Amino acid sequence: MRAPAHDLPWRILRVSTVIADDDTGTVSQHNVFHHTLSLCFQGLLPLLPGRGDTRLYLVSNRFALDAIEAVMNMPTAGGVYHVAPHHS
């Protein structure tokens, strides 16, 4: 007999853009975020579309791993979690 879906220990984690390995800012692998910043720095991308008051949610690998581990060790089953820094 199959267990109902609500009894399964599922979790969906939405991870923010990862930009560094840890809080020191060390970057071992560049991604699209770093390439975009490089284009802006070189003057090859003179503007970025969007609103100035839009928040960017940026995290380090360490932050993401710690948050994922905390969620996976929670006793509750099911849920959607946003792995992002807390803004007040």
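The values are calculated or read from the model by the stated rules, or taken from the named source; none is laboratory data. Source: prediction; values computed, not measured. Positions of Cβ are backbone-derived with ideal geometry, glycine not excepted, and every protein chain shown enters the neighbour counts. Note: accessible area is taken over every heavy atom of the protein model, side chains too, but ligands, DNA and RNA are not part of it. Shrake-Rupley method; radii C 1.70, N 1.55, O 1.52, S 1.80 Å.
Some notes on this structure:
- Pairing residues of region 22-50 that are free of Cβ contacts under 8 Å to residues at least 24 places away in the same chain with residues that are among the hydroxyl-bearing types (Ser, Thr, Tyr), at Cβ distances under 8 Å and at least 6 apart in sequence or on separate chains, gives Asn31/Thr17; Leu45/Thr36; Leu48/Thr36.
- Yes/no for Leu65 being free of Cβ contacts under 8 Å to residues at least 24 places away in the same chain, over 27 Å from Arg11 (Cα atoms) and among the hydrophobic types (A, V, I, L, M, F, W, C): no
- Answer residue from region 12-69, given it is open to solvent by less than 60 Å² (accessible area, probe 1.4 Å) and of a type in the set (Val, Ile, Thr) and is farthest from the chain's Cα centre (by Cα) among those: Thr36
- Tally, over region 71-88, of residues that are open to solvent by 60 Å² or more (accessible area, probe 1.4 Å) and either under 19 Å from Val27 (Cα atoms) or of a type outside the set (Ser, Thr, Tyr) (or both): 8
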